[in-house]
Amino acid sequence: MVRLRTPTHRRCERCGRREHWNDESWVVVRTDDGPVTGDPFCLHEWDITGTFSPIATTDGS
Ligand SMILES: [Zn+2]
């Protein structure tokens with residue numbers, strides 16, 4: 001059996017932009033200091049890229 005796993009947060013390795021998933025799309029995380037948008041010209045390198053697997057396998061019952 002497989003089920004989808006969806007990440008709920010991601011952060012850019014390059015500029016520090018942080019986003020969270022709101023069930024429809026990624027939105028920028030806001031803090032008391034304002035949205036954490038990072039560098040608008042950055043080619044964002046999300047910390048979930050490459051290591052995150054969208055498919056989770058379960059074994060047993
Ligand atoms: Zn970035």
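Computed quantities for the displayed model
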{"quantity": "Residue pairs meeting the criteria (Cβ under 6 Å; at least 6 apart or on separate chains; first under 18 Å from Leu43 (Cα atoms) and within 9 Å of the ligand (Cβ to nearest atom), in the stretch 10-32; second of a type in the set (Gly, Ala, Ser) and assigned to a loop (DSSP other than H, G, I, E, B))", "calculated": "Cys12/Gly38; Cys15/Gly38; Gly16/Gly38; Arg17/Gly38"}
{"quantity": "Lone unmet requirement of (1) within 16 Å of the ligand (Cβ to nearest atom); (2) modelled with pLDDT under 95; (3) among the aliphatic types (A, V, I, L, M) for Ile55", "calculated": "(1)"}
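The values are calculated or read from the model by the stated rules, or taken from the named source; none is laboratory data. Not measured: the values here are computed from a predicted model. Using ideal geometry, Cβ is built from the backbone for each residue, glycine included, and neighbour counts are taken over all protein chains shown.
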